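To keep things clear, I will list the structure first and then write my remarks on it.
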Amino acid sequence: MAEVIRMPRMSDTMTEGVLVEWHKKVGDKVKPGDLLAEVETDKATMELESYNEGTILYLGVDKGKSVQVEGILAVIGKEGEDYKTALENTKIAPVIEQKATVAPTPKAEIVEQQIVSLPAGAKEIRMPLLSDTMTEGKIIAWNKKVGDVVKADDALADVETDKATMEIVGYEDGTLLYIGVEAGNAAKINEIIAIVGKAETDVSAYVAAEKAGQSAVSSTPSPSAVQEVSASLEPTTHNSPLPTDQKIKASPLAKKLAADKGINLAQVNGSGDGGRITKKDVDGFAPSVLNSPSSMTTAPTKLSTFNPQLSMENHTDYPLTQMRKVIARRLGESKFSAPHFYLTMEINMDNAISSRVSMNEVSPIKISFNDMIIKASAMALRKHPDVNSSWMEDFVRQNHHIHIGSAVAMPEGLIVPVIRFADIKTLSQIAADANELYTKAKEKKLQPNEFSGNTFTISNLGMMGIEEFTAIINPPDSAILAVGAISEKVIKKGDGFAVTNVMKLTLSCDHRSVDGAVGAAFLQTLKKYLENPVTMLV
């Protein structure tokens, strides 16, 4: 029977995906694990792999076009099978359910399917809730296949959220009997992704009943999703270059790790089936040293003659990535729904500079100026709890705990690791936590509890030479602190002049929950802590 392949939800903020490239065409044979297409989401460009075996009967979206989550991408079935029946079934599924409430015989059959029980000794593995905002998780790769013997502590699969990639442990001993979600697709929270039990246990009846129950409640795709693809497709131009390792056999997680570490997969020897490169191969890769200075030498070129065409006005339009769309939408919502106001204060950093030198002489870990700002902000929030609040539409929530988010810029976007209970931690503890979180963020190894739950956020561009800026509030916080660079300033001192070190802080506040006087009082307290750091140690 033909199977419909739908657009999976690959992150919790994804609403649609752009079909970057089809790797199969109508008539091609596919098997589980084959790469069908590349899909651009709001977070990244990811691979869509097949879980079905058969022939591509239908492609439902052109290359370069977007399709809504759950929209129809393709149909896979037996060669020569009529795929239109599968498409029509997606339309009439709700009608069948409606008629079943009237006709007693079909209803009885459906009920009988729903009460099929799982065979004795078999255990379901369901998609766990990995963060308080997670609704789905994307299976990056399966580390086990059907028929493999697994232990309770084996990592069955790698799952990607919008912030981190984590392993799913089955916590069951036995044989992997069933895999319910193909690699590259998303599974909803509590959805069955695998079944483990005694070898040769038949779970097909239970799986069929489970699928029947899910199909009855699946949403109906939009009419445009079932339109046939035109026989001739217009060529589209992609502005982003294709990766050099596109044709190399490697697991999605291995490709992602290699990209993060700047490793060329062409230089990695794969240990998997057919030379397939795995995560283990990338982790253990040691690059060889290439000595070819002669190849780097180029002959000097003569200055070319003036070409009038080079002076012509021109431009290039680049399509928005899914990530950029989401950034624009979410920051727009924050900026235009929360009435921002801004308070700027100049801080004398002379004492902070000398105190930091003294503290680093005895601290087991190097303390940065940003660590001092985190500590000072947390202590100031303790004295001004109104700033440590969240606007909840019908009420204002005043948080009794203080979790400071520290924004980190990455090539893919912005992420905010959270230093929890910063007000009761020492400067050394804050420095250790911050260093660990920043390293994890750059390696994309942050866990959900490490980038969520902030009650106040700090954005520091001082290390990039920015003297002063305003930041957009990071919901659900009521305020965000923008930190500028420390710079020298000439001031009048006595009968002459002196040079002092100053730093500008700008507090962005949500006027719905924080008033101007409240924000100003917070900055005054913060100023006292930073200008006399010894007060933070008592």
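Quick notes on this one:
- Search result, residues across segment 422-432 that are assigned to a helix (DSSP H, G or I) and not charged (D, E, K, R): A422, I424, L427, S428, Q429, I430, A431, A432
- For segment 48-76, the set of residues classified as surrounded by fewer than 21 Cβ atoms within 10 Å (Cβ to Cβ) and either outside the structural domain of K29 (by TED's automatic domain parsing) or not hydroxyl-bearing (S, T, Y) (or both) consists of N52, E53, G54, D62, K63, G64, K65, Q68, V69, E70, G71, listed by residue number.
- Scanning segment 438-460 for residues that are more than 12 Å from S508 (Cβ to Cβ) and at pLDDT 95 or above returns T455, N460.
- Test: residue in segment 467-480 that is more than 19 Å from H401 (Cβ to Cβ), more than 25 Å from the chain's Cα centre (by Cα), in a strand (DSSP E or B) and not polar (S, T, N, Q): no
- Just so you know, in segment 55-81 the residues that are assigned to a loop (DSSP other than H, G, I, E, B) and without any contact (Cβ under 8 Å) to a residue 60 or more places away in the chain include one that is nearest to V18 (Cα to Cα), and it is K65.
- Sub-6 Å Cβ pairs linking a first residue in segment 494-505 that is under 12 Å from D350 (Cα atoms) to a second residue that is of a type in the set (V, I, T) and buried (at least 17 other Cβ atoms within 10 Å of the Cβ), at least 6 apart or interchain, are N501/I486; M503/I347; M503/I486, ordered by first then second residue.
- Residue match in segment 496-516 (condition: over 17 Å from W391 (Cα atoms), assigned by TED's automatic domain parsing to the domain that holds T470, more than 37 Å from the chain's Cα centre (by Cα) and outside any strand (DSSP E or B)): no
- Any hit, segment 362-373, residues being under 18 Å from Y529 (Cα atoms), surrounded by 17 or more Cβ atoms within 10 Å (Cβ to Cβ) and of a type in the set (D, E): yes
- Applying the condition of being surrounded by 13 or more Cβ atoms within 10 Å (Cβ to Cβ), in contact (Cβ under 8 Å) with a residue 24 or more places away in the chain and closer than 23 Å to L446 by Cα to segment 257-284 and asking which residue is farthest from the chain's Cα centre (by Cα) yields D281.
- Members of segment 89-103 found to be over 35 Å from the mean Cα position of the chain (by Cα) and either among the hydroxyl-bearing types (S, T, Y) or at pLDDT 50 or above (or both), listed by number: T101
- Here I367 fits the description: within 19 Å of I430 (Cβ to Cβ), part of a loop (DSSP other than H, G, I, E, B) and assigned by TED's automatic domain parsing to the domain that holds G484.
- Sole exception among (1) at pLDDT below 95; (2) under 21 Å from T457 (Cα atoms); (3) surrounded by fewer than 19 Cβ atoms within 10 Å (Cβ to Cβ) for A338, by number: (3)
- Some residue of segment 482-502 being at pLDDT below 95, surrounded by 13 or more Cβ atoms within 10 Å (Cβ to Cβ) and acidic (D, E): no
- Those residues of segment 506-538 which are among the charged types (D, E, K, R), more than 21 Å from K375 (Cβ to Cβ) and buried (at least 17 other Cβ atoms within 10 Å of the Cβ), in sequence order: D510
- Filtered by the rule that a residue be of a type in the set (A, V, I, L, M) and surrounded by 16 or more Cβ atoms within 10 Å (Cβ to Cβ), segment 407-421 gives A407, V408, I415, V416, V418, I419.
- Residue list for segment 434-447, filter: of a type outside the set (S, T, Y) and either within 23 Å of I486 (Cα to Cα) or in contact with a Lys or Arg (Cβ under 7 Å, 6 or more places away or on another chain) (or both): A434, N435, L446
- Selection from segment 249-304 of residues that are at pLDDT 70 or above, of a type in the set (A, V, I, L, M) and either part of a helix (DSSP H, G or I) or touching a strand residue (DSSP E or B) at 6+ places or on another chain (Cβ under 8 Å) (or both): A250, L253, A254, L257, A258, A259, L265, A266, V268, I277, V282
- Residue in segment 433-445 that is assigned to a strand (DSSP E or B) and farther than 16 Å from L381 by Cα present: no
- Members of segment 337-353 that are in a helix (DSSP H, G or I) and farther than 17 Å from I491 by Cβ: S337
To keep it simple, each residue is scored yes or no on (1) under 30 Å from M410 (Cβ atoms); (2) surrounded by fewer than 22 Cβ atoms within 10 Å (Cβ to Cβ); (3) in the same structural domain as W142 (by TED's automatic domain parsing); (4) basic (K, R).
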{"residue": "A157", "(1), (2), (3), (4)": "yes, no, yes, no"}
{"residue": "V169", "(1), (2), (3), (4)": "yes, yes, yes, no"}
{"residue": "E172", "(1), (2), (3), (4)": "no, yes, yes, no"}
{"residue": "L177", "(1), (2), (3), (4)": "no, no, yes, no"}
{"residue": "G180", "(1), (2), (3), (4)": "no, yes, yes, no"}
{"residue": "I195", "(1), (2), (3), (4)": "no, no, yes, no"}
{"residue": "A208", "(1), (2), (3), (4)": "no, yes, no, no"}
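- Qualifying strands (runs of 3 or more DSSP E) (wholly inside segment 128-211; at least 1 residues being closer than 26 Å to T439 by Cα): 136-142, 155-160, 165-169
The values are calculated or read from the model by the stated rules, or taken from the named source; none is laboratory data. What you see is a predicted model; the values in this text were computed from it and never measured. Cβ atoms come from the backbone with ideal geometry, glycine included; neighbour counts cover every protein chain shown.
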